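Coordinate-derived values only; no laboratory data. Since the model is a prediction, treat every value here as computed from it, not as a measurement. Methodologically, a virtual Cβ is constructed for each residue, glycine included, from the backbone with ideal geometry; neighbour enumeration extends over all protein chains shown.
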Amino acid sequence: MKLSRRLTAGMAAPAMVLGGLTLGTVAAPVVANAATMCEAPDDTVSIFSYNDFHGRVGQYDERSDANVYTAADLFTPVEDERATIGADHVALISNGDDIGGSTFVSMIQDDIPTLDILNAIGLDSATTGNHEFDKGAADLLDRVVPYVSHPMIVANVKDASGDIPDGLTAYTTFDKGGITIAVIGAVTGALPSLVSPAGIEGLTVENPVEAINETIADLPAGVDFVIASLHEGAPNGDATIEENIAASGAFANIAEALSADVDLILNGHTHQLYDWETANGTPIVQAGQYAEHLMKIEIGVNAADEYCGFTDISVVDPGDSSASTSPVIQEIRDITDEAIEVAAVEGSVGVGFANEAVSTPGSGGSGTRNVESPMSNLVAEMFFEQLGAGDPEFIGVQNPGGTRTSFDRGIITYEEAALVLPFANSLMTTQVTGEQFKKVLEQQWQRDANGEEYEESPSRPFLALGLSSNVTYTMDESRAWGDRITSISINGEPIDMAKLYTVGSGSFLIAGGDNFHEFANGVNTADTGRVDLEAWVEWIGAGDALSPDYSKRGVSVMGEIGTLTEGAAPVEITLGQPLEGGMQTDTLDMLLDAEGERVSPQLPNTNVSAWIGDELVGGGAVTDGVATVNLAVAQGTDLAAGEHIVTLVVEPSGTEIYLPATVALTADPVEPEEPFDVYTTPGLHHHNGRQWMTACEPYSQTERCWTLIWATQVDLVNGEVFKRNAWTFNNLTYLPMARSAWANNPLGYTGQWTATDGRMWRTECDTASTGKNGCRSYVQARVVSSIARADGGYNYVPETKWVFNNIVRFS
């Protein structure tokens with residue numbers, strides 16, 4: 001075998017900048033090893049590479065009233081190059097995920113339009129990605145492989161005999177420009193967690209790098225250039241190669257452990273755009289995603305038909321297929337036209353209506369999977385209603401990666417419904433105990449089947465499950481793995497750890513996909529005979545118009561309630577974590593972008609109220625999705641001593657959280673000190689016909705106390721009045737301290753000023769309302785005032801007023 005090395009020591013590689021991405025490229029021919037040294041190439045070979053096409057054949061664009069030819073545009077530069085230097089000098093390589101997760105135009109025909117286009121363009125090789133296995137190995141081997149005209153390569157998937165399954169091959173070779181090129185393929189080692197385990201039953205997925213290294217020894221003599229095409233890659237194309245090596249074990253293995261006999265490394269799977277070199281000088285590239293780019297790698301060939309180095313590596317954008325004279329490109333455009341026409345007929349039928357956009361997290365796509373979303377929870381609710389047969393304890397579950405897009409406001413078409421659930425999963429049920437279901441929730445923090453951390457860390461370490469609305473849970477990420485779920489409730493009651501519960505979802509998840517291994521240990525597993533899209537479309541059409549549900553199923557809770565003693569100071573807990581906290585982004589608010597047609601309108605939460613039965617036992621305000629909640633039992637309570645469930649209601653989302661608590665009654669009534677001061681006495685109080693909550697904390701040389709009041713809040717939005725009962729901030733009181741400590745603080749002397757945030761304040765001191773040695777401050781705020789009408793009703797008028805804010809007392 002004639003294997004060559006590149007990039008001699010001391011050769012510098014200048015850089016080019018494309019759209020903010022720095023891409024290393026070699027400006028002049030780089031000599032290979034001594035056996036193939038040449039001063040300058042006599043010929044060149046162009047290798048085009050792409051990845052993660054996902055059926056982007058094209059679509060109809062309503063704005064331009066014309067078809068968009070995504071695939072034809074992508075491959076136009078390839079045909080142009082073939083016309084310029086000859087097809088025998090041009091190679092085209094796919095690095096996986098050509099099909100699966102496709103747009104509706106391709107998906108509605110089982111990706112046949114995509115396969116027809118790939119046959120038309122003439123691939124030299126295609127590595128099998130994880131999505132090629134979406135419908136199981138049988139579909140890939142019996143339908144896809146016989147249909148395509150190019151070799152499909154994967155060295156690290158073996159059958160029960162230890163061989164690569166019939167129809168697939170570990171590598172392929174072809175001649176271009178007088179040299180022989182070998183391409184060895186491998187799919188991500190995480191394949192078993194990315195597709196339904198049942199679909200690849202009997203197959204073993206080996207380490208991709210080890211499989212490639214072993215395959216090199218099997219290459220035939222005379223190979224001049226070796227390419228490793230891996231459907232795996234770096235997690236962040238905007239970072240450096242060193243940062244990606246540190247962040248991802250899978251990528252580190254590729255960059256550091258591939259044989260030195262590999263001349264070029266092509267990546268996919270992570271949808272990134274990069275052009276780097278490994279420590280030994282091997283180029284390692286990925287072309288982004290979704291037909292957005294090609295990578296073009298030019299290699300030199302000398303007069304003796306020997307490979308003699310790289311001449312250029314660059315990113316190539318799609319061309320204008322409408323200007324192409326290539327009959328191949330015209331054929332691809334014709335295939336696209338026909339596919340769009342079929343999809344238009346199949347997809348234009350209205351199946352439902354959305355009052356507001358119902359979206360996945362972030363911008364409404366499928367990239368954000370570490371937080372809950374209205375759409376994934378909606379799909380889980382569909383499973384509950386379609387498969388639960390009226391069982392109130394049935395649990396619908398949806399994996400976030402299975403929910404691919406969102407609904408905008410208005411008519412929901414068949415196409416839109418299909419794009420949300422594009423994988424054609426069979427719907428299945430299984431039964432797990434409450435203890436097993438807790439394990440499932442713990443597995444949102446991704447581990448292997450033995451609960452061990454992966455040597456090669458997954459690209460998404462936390463996956464937030466969508467759940468039907470009858471299920472809620474609390475978590476504390478600071479605890480050890482396997483013990484982070486602190487409570488689970490079904491219909492407001494604690495889950496029974498020993499009881500069997502029926503769970504419904506797609507076959508992918510029920511078989512243990514996405515590392516939710518415990519589902520595979522369920523009993524009485526059954527195929528319902530239904531497919532997700534069919535059940536989804538029926539459910540959308542049968543019910544009322546859809547609206548986003550902003551209630552969270554899982555909430556981070558820091559602190560425990562423990563015992564609430566009658567008349568005692570409040571117990572404090574925290575709901576939600578700040579943004580960027582932990583592996584997840586677990587605020588009380590859904591993580592939604594500020595705008596977008598397919599993004600649910602933002603609905604920030606404002607307050608939390610806490611109840612035991614019909615008795616109010618506390619609450620707090622929500623700021624940026626995090627709430628500090630004070631809980632107390634008022635003197636003279638009607639509650640019985642013993643164990644209770646505290647229900648925390650987050651408004652306006654409607655999230656409900658259920659936590660255990662013990663109520664202890666005092667033997668004798670505790671009389672408050674006289675005169676009673678609601679602003680400085682910690683606890684929950686019934687005073688002057690109102691309910692108050694006060695909590696105190698150390699401050700400077702004294703203490704300060706926060707006071708909330710249970711009141712009706714009135715908001716006026718676009719002329720419409722919204723009223724709700726909630727805990728509302730009333731007062732911040734600073735207990736007596738030396739007056740000199742307030743000498744430089746405008747809260748400590750009479751006056752009016754403008755704060756740095758632009759708000760107007762005024763303070764009055766030593767008046768009849770403040771008393772001697774005290775100050776009261778007011779802030780100018782926009783409020784809604786109620787004005788009584790003669791007919792007994794009220795008019796609500798927005799106005800700017802001075803609102804009482806705090807008290808400072810001097811010793």
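Data for the structure
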| item | result |
| --- | --- |
| Quotient of Cα Rg and 2.2 N^0.38 Å for segment 554-730, N being how many residues it contains | 1.11 |
| Cα-Cα pairs of the chain separated by more than 43 Å (percent) | 42 percent |
| Highest to lowest packing among 361-368, 153-160, scored as the average C-beta count within 10 Å | 153-160, 361-368 |
| Dipole of the chain, positive end: most advanced residue of Gln330, Thr707, Gln443 [Cβ charges, Cα centre] | Thr707 |
| Reachable lysines from Lys552, criterion Cα separation under 19 angstrom, eight or more residues apart if same chain | Lys438 |
| Relative pair counts by distance (%), Cα atoms of segment 355-542, 5 Å bins | 1, 8, 17, 21, 21, 16, 10, 4, 1, 0 |
| 5 angstrom amide H check on Thr750, placed H, neighbours 5+ away | Cys765 |
| Within segment 15-343: Cβ-based charge dipole about Cα centre, in debye rounded to nearest 20 (Lys, Arg +1; Asp, Glu -1) | 280 debye |
| Kirkwood Rh and Cα Rg combined as Rg over Rh, evaluated for segment 198-339 | 1.03 |
| Reach of Lys135 by Cα under 25 Å, taken over lysines that are not fewer than 8 positions away in the same chain | Lys158 |
| Phi to ³J(HN,Hα) by Karplus 6.51 cos²θ - 1.76 cosθ + 1.60 over segment 399-416, Hz, x for Gly, Pro | 7, x, x, x, 9, 9, 7, 10, 9, 8, 6, x, 5, 9, 8, 4, 4, 4 |
| P(r), alpha carbons of segment 738-811 - 5 Å bins starting at zero, rounded % | 3, 15, 20, 18, 13, 11, 8, 6, 4, 2, 0 |
| In degrees, nearest ten, helix 112-121 long axis to first principal axis of the chain (Cα) | 40 degrees |
| Unit charges at the beta carbon, dipole of the chain: most positive-side option, Ala255, Ala228, Val663 | Val663 |
| Positive-pole candidate from Ala741, Gly482, Thr215, dipole of the chain, charges at beta carbon | Ala741 |
| Cα centroid separation, segment 607-667 to segment 246-309 (Å) | 58 Å |
| Protection proxy ranking of 334-347, 138-151 - average other beta-carbon atoms within 10 Å, highest first | 334-347, 138-151 |
